[in-house]
Structures are given as C-alpha cells and as structure tokens.
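The values are calculated or read from the model by the stated rules, or taken from the named source; none is laboratory data. What you see is a predicted model, and the numbers here were worked out from it, not measured in a lab. We place every Cβ from the backbone using ideal geometry, glycine too, and count neighbours over all the protein chains shown. Keep in mind that these areas ignore ligands, DNA and RNA; they rest on the heavy atoms of the full protein, side chains included. Shrake-Rupley method; radii C 1.70, N 1.55, O 1.52, S 1.80 Å.
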Amino acid sequence: MRTLVLGGDGYLGWPTALHLSEAGHDVAIADSFVRRQYDHELGVESLVPVEPLHTRVGVWKELTGRQLSMFRGDITDAEFTYEMIRGFRPDTIVHFAEQRAAPYSHIDRQHAVYTQVNNLVGTLNILFAMADIDPAIHLVKLGTMGEYGTPNIDIEEGWIEIEHKGRKDVLPYPKQPGSFYHLSKVHDSHNIMFTCRAWGLRATDLNQGIVYGQQTPQTALDPRLATRFDYDAVFGTVLNRFVVQAVLAHPLTVYGSGGQTRGLIDIRDTAECILLAAENPPEPCEFRVFNQMTESLSVAEIAKTVAEARGESARIEYLDPPRVEADTHHYNVAHSRLIDLGLEPHLLSETLLTSLFAIAEAHKDRADPEAIRPWIDWRRTTNRPPLTSPSP
Ligand SMILES: NC(=O)c1ccc[n+]([C@@H]2O[C@H](COP(=O)([O-])OP(=O)(O)OC[C@H]3O[C@@H](n4cnc5c(N)ncnc54)[C@H](O)[C@@H]3O)[C@@H](O)[C@H]2O)c1
C-alpha cells in the first residue's frame with residue numbers, strides 16, 4: 001500500500017509515518033515545516049529536541065533499511081499538491097497538515113483567517129487533486145472531537161437518527177465547535193462529505209480526542225527519531241502541560257473548575273487507528289466517521305491523576321478560564337468503530353505517566369514555565385501580539 005502522510009514532520013504525522021512504514025507501507029511524507037515557524041513566532045520550542053526531517057528519515061533508513069520519500073511544500077499551493085499526488089500515486093492520503101491549535105486561531109484576526117485559509121484551502125486542494133487524478137484514493141482526514149462541542153445528549157459516532165413531524169432520517173450529528181480552529185474542521189468535514197456524494201470520493205473523517213504521550217515503539221528506537229513534545233499554552237495539550245508543570249514543581253494550572261470533560265487518546269493508539277483506517281478503506285462515495293478516542297476524563301481528573309502519580313509535591317491552581325466553554329456538562333461519547341476494526345486501546349496508566357515524567361525530567365532545563373501561562377483570551381480582552389504574524 002502506498003501511503004502519503006501530509007504533515008509528516010508534526011507531532012503525530014512523524015510517528016504515524018514510522019508506524020505505517022514498519023507495517024510495510026510504502027510511505028511518503030509531505031510538510032511545509034510551518035509548525036517549526038510557529039515556534040519561532042511564539043518564542044517557544046518542543047521540550048524534546050527534534051531533528052530536521054531529513055536527519056530523521058536518514059536515521060530510520062539506517063536502523064531499519066526502510067525508505068521514506070519526502071515532499072517539501074505547502075498543500076495550499078495547488079500546483080505542488082497536484083504534482084506530488086501525480087508523482088507518488090498513493091492508495092491512501094493521511095491528512096494531518098493543518099494549523100491545529102485553538103488558542104493560536106484566537107490570537108487575532110490574522111491568526112483566525114490564517115487558520116481557516118490554511119486548513120480549508122489545503123483540504124480543498126487535496127479533494128480536487130484526488131477527483132482529477134485518481135478518485136479511488138482513500139482520504140484519511142484528521143478531525144477533532146471538539147467539532148461536536150458539549151451537547152446535553154450523548155455524542156454519537158458521526159450520525160444521529162432524528163424523528164421530526166412523524167418522519168425519520170439519519171443525519172450528520174450536530175456540530176457546535178468552540179473555536180475558529182475547531183470550526184475549520186467542521187467546514188472541512190462538510191466539504192469532504194459533499195465531494196464523496198458529488199464525485200464518488202471515499203473518505204474517513206477521524207474525530208480525534210486530545211492526544212497525550214511522546215513515544216511510540218518506533219520513535220523510542222533512537223533519540224534522533226523523537227517527535228515533538230509541546231507543553232506551552234498555545235500548542236501543548238493538557239496532559240503534556242500538566243506533566244511538565246509537575247516536573248518543574250509548579251502548580252498544575254486548571255482553567256475554571258476543571259469540569260470540562262474531553263475525549264483522550266494515547267499517541268500509540270493514534271498511529272494504530274490510522275493504520276486500521278487505511279487498511280480497511282470505505283466504499284467509493286462513502287463518507288465514514290470514527291470517533292478516535294479511547295477514554296474521557298475531566299480536566300480536574302487529569303490534573304488529579306498527574307498530581308497523585310507525582311506525589312505530594314504537585315499542587316493544583318485554578319485560573320480564570322481563557323476560553324468560552326461550558327465548565328461542567330454531560331459527556332458520553334460513542335466510540336466503538338475503531339475497536340470493531342481491532343484497536344486495543346492503551347488507557348492512561350501509572351506506567352505511561354512514569355515514562356512521561358522521565359522524558360520531562362530529562363529535558364526540564366529546556367522548559368520555560370512562563371510559556372505555560374495562558375495569554376490568549378477568547379473574549380479578546382487580554383491578548384498581546386505575538387513576536388511576528390502569519391502573512392494573510
Ligand atoms: N495533537 C492533538 O492532540 C490532536 C487532537 C485532535 C486532532 N488533531 C489533528 O491531528 C493533526 C495533526 O496534529 P499534530 O498535533 O501532529 O499537529 P502538528 O502541528 O504537530 O503537525 C501538523 C504538521 O502539518 C504541517 N502543515 C500545516 N499546514 C500545512 C500546509 N498547508 N502544507 C503542508 N504542511 C502543513 C506542519 O508543518 C506540521 O508539521 C491536525 O490536523 C490536528 O488538528 C490533533
């Protein structure tokens with residue numbers, strides 16, 4: 001199977017590319033390296049040093065004999081996208097290549113516009129290229145559980161049966177996203193669903209939970225194969241942030257009361273879910289939705305779990321919530337379709353936390369505790385400008 005991983009230099013794209021390569025896929029990676037530029041813009045960096053992509057690809061070849069092809073370019077550039085897909089002729093395109101931080105999309109007008117242009121135009125270019133070059137290509141697209149928001153009913157896996165005035169239909173589950181970033185994913189989902197219906201494309205939309213963890217069996221082979229570990233207030237996901245705060249003996253900063261409940265997934269399961277989706281493609285015209293999460297926990301429960309695993313030294317501090325979101329709410333999510341395909345989830349455990357603490361300990365000299373304080377406010381009252389800005 002020939003698999004093109006868009007965004008393959010990122011936190012999840014890189015370990016997924018290695019997982020697919022080890023499973024025998026012929027893998028190509030594409031990336032614009034814009035994620036590395038956001039670090040310069042925000043004045044932060046991955047806690048774990050990350051080698052340039054060509055070094056990582058070379059080390060993987062040296063250790064395993066497996067070759068990864070590379071395309072450097074921006075998928076919002078249609079010419080680049082068409083040439084790459086014509087040249088590599090993938091069976092599957094795994095699409096991670098988006099701006100993925102909700103706070104980043106709320107810095108100011110430019111960052112909201114940049115996020116939506118980057119994400120929507122990139123995905124549209126992929127859809128048109130698939131239709132024009134080979135409509136049989138399977139698109140595996142990363143969406144987010146945040147697309148659904150927090151309705152006061154159970155969240156189903158993509159679709160919901162509705163009875164209205166005596167008639168029934170199965171309709172896309174309502175989406176109530178909480179940021180310009182999450183909105184970009186909803187708009188993407190609509191564009192993908194429409195092109196499956198109109199042009200006969202096939203796609204899997206993966207509504208992924210918040211990912212935690214930093215190592216997979218493949219990245220652990222050599223420090224030069226490491227993936228990113230973001231812990232800052234803009235790109236750091238909640239559990240990774242708490243682990244760094246605990247290691248620095250700083251309070252774990254919870255927004256509001258911490259009652260916000262979210263779907264979570266271990267990085268090793270992300271890579272496995274992509275493999276399962278790629279190897280079990282949908283039919284032509286099918287727009288398939290999986291909820292890619294394995295457990296749900298409230299932010300307060302995550303903080304408590306990290307604090308307890310760390311021992312008495314970890315304290316919790318409750319901050320005014322920078323986001324506009326429900327502080328406590330119903331959250332019960334259907335997520336059985338990837339399990340049906342064979343996923344055996346890793347649940348959050350002491351062992352995982354111990355290994356995350358060890359990673360954070362090893363690199364704690366690189367950590368800037370100030371970078372973890374939230375400074376982007378959904379209500380636009382306290383935002384300060386970043387060091388530089390994106391071009392739109
Ligand atoms: N990390 C999470 O917890 C999480 C949760 C849910 C969904 N997701 C989704 O998974 C995907 C990957 O997330 P991640 O955490 O690896 O993000 P990341 O920012 O680390 O990686 C994304 C990669 O895509 C590249 N990219 C962005 N725009 C591009 C463009 N126009 N052309 C080419 N390359 C481009 C970036 O340079 C980066 O290397 C994203 O779509 C994200 O929305 C992530």
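Note down the net charge around Ile372, summing +1 for each Lys or Arg and -1 for each Asp or Glu among other residues with Cβ under 10 Å from its Cβ.
-1
What share of the DSSP beta bridges in the chain is antiparallel, in percent to the nearest 5?
20 percent
Please compute the per residue accessible area over the chain with all protein chains in place, 1.4 Å probe, rounded to a whole number of Å².
Heavy-atom SASA per residue in the chain reads 42 Å².
Which ³J(HN,Hα) values in Hz, rounded to whole numbers, follow from the phi angles of segment 50-59 under the Karplus curve 6.51 cos²θ - 1.76 cosθ + 1.60, where θ = phi - 60° and Gly and Pro get x?
Each residue's phi maps through the Karplus curve to give 10, 6, x, 4, 5, 5, 4, 5, x, 5 Hz.
Which value in Å is the Kirkwood Rh of segment 42-108 over different Cα pairs?
Computed over segment 42-108, the radius equals 15.2 Å.
Roughly speaking, what is the centre-to-centre gap between segment 350-366 and segment 60-124 when only Cα atoms are used, to the nearest Å?
30 Å
Please arrange Glu295, Glu283, Glu41 by accessible surface area, largest first, computed with a 1.4 Å probe and ligands excluded.
Reading off the accessible areas and sorting them downward yields Glu283, Glu295, Glu41.
With label points built 7 Å along Cα→Cβ from the Cα atoms of Asp368 and Asp340, find their separation and express it in nm.
4.7 nm
With all protein chains present, how much of the accessible area of segment 105-212 (probe radius 1.4 Å) comes from carbon and sulfur, to the nearest whole percent?
56 percent
Once the principal axes of the Cα atoms of segment 200-351 are found, what is the range along each, listed largest first in whole angstroms?
53, 41, 25
Distances over 33 Å make up what percent of all Cα-Cα pairs in the chain?
Roughly 27 percent, once rounded to a whole number.
Determine ³J(HN,Hα), in whole Hz, for all residues of segment 255-271 in sequence, where each value follows from phi through the Karplus function 6.51 cos²θ - 1.76 cosθ + 1.60 and θ = phi - 60°; x replaces Gly and Pro.
7, x, 8, x, x, 5, 9, 9, x, 10, 8, 6, 4, 5, 6, 4, 4
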